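Working notes for the structure below.
Bear in mind these aren't lab numbers, they're just calculated from the coordinates by the rules spelled out. Just so it is clear, the structure is predicted and the values come from calculations on it, not from any experiment. Heads up, the Cβs are rebuilt from the backbone with ideal geometry, glycines too, and the neighbour counts pull from every protein chain shown.
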């Protein structure tokens with residue numbers, strides 16, 4: 001096996017989380033939910049949080065800045081318990097954008113105490129078929145906001161180790 | 001902690017061995033042919049995978065046959081489940097938002113999961 005082949009196989013086997021859904025709607029309607037202020041605000045979570053978009057420029061290199069605000073009482077209480085603000089300024093950008101086909105958003109993960117800021121990219125692809133559209137979201141669970149939140153609940157050190165291992169990938 | 005499973009699979013060569021075994025029970029020489037790794041390497045990684053519970057083996061005459069075991073993969077999956085759940089919930093909201101917009105525009109639709 002060549003080095004390249006091995007690297008490609010390693011990359012293919014990286015623990016990506018792929019989540020997909022098929023929605024009976026027009027492709028443009030799905031696209032709007034990712035690429036317009038009101039569209040994005042209407043669904044982007046997580047549960048118990050709402051977002052307020054300050055800038056959304058749907059073009060390659062365009063910024064996506066929003067506040068993620070705890071609004072359910074349970075989440076507000078949880079954030080307070082952890083001594084964290086109930087609103088968090090989030091910085092992201094569109095690193096890829098092929099209208100109605102594919103987009104990639106990179107978030108800057110900069111809110112973890114003691115963890116150097118790093119990037120987390122998610123890829124979204126749209127596959128229309130008849131009157132439906134299949135939407136495929138590919139996430140690297142080692143580099144996402146939710147996962148790092150989980151890591152703050154006691155997994156941080158292991159994940160950092162794991163990250164390094166995946167990053168260096170020995171043959 | 002299931003992180004051990006990730007550590008076991010963090011080795012690219014071991015992942016190649018696992019890939020080869022996805023096609024079913026095999027002997028070392030078949031894995032060597034598929035993965036393109038030297039036999040000594042395959043044997044070493046099979047031993048590690050076996051010790052970690054990822055691979056089971058049984059004798060078959062002169063040969064030893066290796067196959068994948070589901071349990072550790074299920075554990076890895078369980079470890080990722082809460083994370084996946086967050087995103088399932090997020091895509092539920094995506095569907096609901098889509099539905100709401102369509103209703104506002106006088107169109108209805110049903111989301112279906114795949």
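Numerical summary
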quantity	calculated
Number of partner chain Cβ atoms within 10 Å, mean per residue of A:36-45	4
Fluctuation leader among B:53, B:36, B:61 - chain B, Gaussian network, Cα springs under 10 angstrom	B:61
GNM top mover of B:88, B:99, B:19 - chain B, alpha-carbon springs below 10 Å	B:99
Value of relative contact order over the range B:3-69, rounded to a whole percent, pairs C-alpha under 8 Å and six or more apart	35 percent
Cα pair distances in chain B, grouped into 5 Å bins until the bin that holds the longest one, percent each	2, 10, 17, 16, 11, 8, 7, 7, 7, 6, 5, 3, 1, 0, 0
Principal-axis tilt of helix B:70-104 within chain B, Cα atoms, nearest 10 degrees	20 degrees
Candidates B:56, B:81, B:35, ranked by Gaussian network fluctuation over chain B, Cα under 10 Å, top entry	B:81
Shielding by partners - mean other protein chain Cβ count within 10 Å, residues of A:16-28	5
Length added when fully stretched, residue B:19-residue B:81, from 0.36 nm per residue minus Cα-Cα	20.1 nm
Relative contact order [Cα under 8 Å, 6+ residues apart], the range B:5-114, whole percent	22 percent
Helical mean residue ellipticity (222 nm; -39500 (n - 2.57) per DSSP H run of 4+; nearest 500) of chain B	-21000 deg cm²/dmol
Per-residue mean of C-beta atoms belonging to partner chains within 10 Å, peptide A:47-54	1
